Amino acid sequence: MSQNEKPQTSKQDAPEKAKPRRKPVLRDHQQRGKTFVPPLLAILGDTFRGVSWRDQLVPELLWLQLLIDRLDLKKGVCLGQTFTKAITSQCSEQPSPVIRISDYTGLAQQSWDAVLSALSERELSDLRRSLWPLVGLYPACPLSGVFDSAWRAENRCDPDVEIPYLKRVLSDISDKRDQKAAVLQATAIYLWGVSGRFHVMEGVELPDLNEFVRNPSGAESQKTASWLRATVNVLASDMFPSAGDWVSYFWEQGLRISACDTPRLQTVQDAAQRELARVARIGREFREALSHELQEAWSTSLEAIHRHGTRKAEVLCGLLSRQSSLASALASYPAMWTTDVAYIVLRCMAETHIALAWLAKFGKEEHFDTIVEYGLGQDKLLAEHLKAQGADDYSDAKALAQRVEAEIDREKYTALLQVNVGQWWPKSVREMAEECDCLELFALWYQPFAGFVHGTWNTLKRCNLVQCQNPLHNFHMIPAFCHSFMQPLAATRAVTLMADTFQAWSEGLGLPHTEVRCCDSYFAALEAEEPDTEDE
């Protein structure tokens, strides 16, 4: 184009006709380095720590739900009020209402005798009948003082009956937005109020809880439900500063008394659709053996793994599951053995191994919390972009944004979730590789490859972990080794890396398993058979 020619795009690029730029998302957040702090958290300060409804409050308030479920709402609330009034009289120095189960820890037998004597025979019978599924399955429950030896001798706890019942009750209240959970929150607030320790400023009008119970789907009731969630969260932040011994014991005991309920998973194998080469057949055998071997190693060490903390267990198991998926795919599908695809996945596997090895050896609680919060923050950022797009020309974007935010809220309140646009690992990949003696892997496998796939928490959660359907396990995330969400790829180097990763995972968690036998079997099978030239 000559200098005298006017660019054809100059007119349509004129400022008066240019499309207006979208306003940046998260503009109401405070930026601190590469972290965007939400307004509410900025006001409350960095020392504010929210309380998880499911993780902390549900175990503390479960006894109230058992009363309501067994007796009905009215009788359950009345008995709860009578019982808390009697117990509070024995805990005159208790600074907060005796409503959470942890408040009953260490109560002397003399105090229990006084409490039980204050109840009528019918009230005591209803109380014991309602709480027995909990105390029978959880012998160290602080409410065990309700039951004397004579009653225990006459009423044996049948796990086959009580475990399904307790799972159903927990499932009813696990989501704080469900009706039964909202009623439980209303009950807790009511008991706080009648105890005289929940005060409201003059002129503030409280919502009608009776109307909420009568018509839970009404417009006013929806507002009441929001008020309940906010009020419980504020009260709990002050009264339940952290998960106590009872809460930890409750979830640990759930792992002991019942197995994980793994949802049915789809499988990617469909050998009838194509013929595979000799190496692909060996790879399929390796994939199946790896799945069973990893599943066995994990399930037999479940308690030992969780002793290191749930977050550490979930993140490390998610990374190991991710590695098994990539290794199985690379070993099974020759159509994916192209250089570009294989190098992308190998770089991903190299990063995964380096990160797991470092976290297993040096990782602390704050490191795992940061990894999880980073993944949730990416979903929050997506929701903000969808809402911004929906304001222009995509009518379904806002609805999708609401669904994304609802999913985030199940783990952490969106308004308190920071958005970090920096890195999620505790250190750079190179620094981690150097500290855990993986520099050769970093230099030869990680750095040279242009493409990569990151193992952030949101991708681990969707691709390598599944939600246990057992409420007694707090619906924790569990590894789903070698299932349909893996990428179908192939490379024999991945098998070697899989063996090294499993060893780092086992050693980091202090487990007796240090090798996966199927990796050696894979290479032995490759050496034992001659190539089949008819295969692709």
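All of the numbers you see were taken from the coordinates with simple rules; none came from a lab. Please read these numbers as outputs of a predicted model, since none were measured by experiment. Counting neighbours? That spans all protein chains shown, and the Cβs are built from the backbone with ideal geometry, glycine included.
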Label point 7 Å out from Arg122 along Cα-to-Cβ: which residues of segment 64-85 have amide N under 13 Å? 75-76, 79
If the chain between Ala230 and Leu44 were fully extended at 0.36 nm per residue, the gain over the current Cα-Cα distance would be 65.5 nm
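May I ask you to derive the FRET efficiency for Glu407 and Lys364 from their Cβ-Cβ distance with R0 = 35 Å, giving the value to the nearest 0.05?
Efficiency, from the Cβ-Cβ distance: 0.80.
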Segment 312-446 pair-distance distribution - Cα-Cα, 10 Å bins, rounded %: 11, 30, 29, 24, 6, 0
What does the extension gain come out to for Gln295 and Gln423, with contour length at 0.36 nm per residue minus their alpha carbon separation? 43.0 nm
What does the convex hull of the alpha-carbon atoms of segment 97-151 project to on average, in nm²? 3.9 nm²
Residues Ala335 and Glu440, FRET efficiency given R0 of 30 Å [Cβ-Cβ distance, rounded to 0.05]: 0.50
For a paramagnetic label modelled at 7 Å from the Cα of Arg168 toward its Cβ, which residues of segment 244-264 fall within the zone defined by backbone nitrogen distances under 18 Å? none
How about segment 373-432: which trypsin sites (Lys or Arg not before Pro) there lie in a loop by DSSP and see at most 16 other Cβ atoms within 10 Å? Arg410, Lys427
Within a 10 angstrom radius of the beta carbon, how do Trp505, Trp251, Trp192 rank from fewest other beta carbons to most? Trp251, Trp192, Trp505
Thr82-Gln31 pseudo-label distance in nm [points 7 Å out on the Cα-to-Cβ vector]: 6.2 nm
Per the rule of 0.36 nm per residue minus the C-alpha distance, extending Gln469 to Asp158 adds in nm 109.8 nm
Once the Cβ-Cβ distance between Arg177 and Asp396 is put in as r, and R0 is 22 Å, what FRET efficiency do you end up with, to the nearest 0.05? 0.50
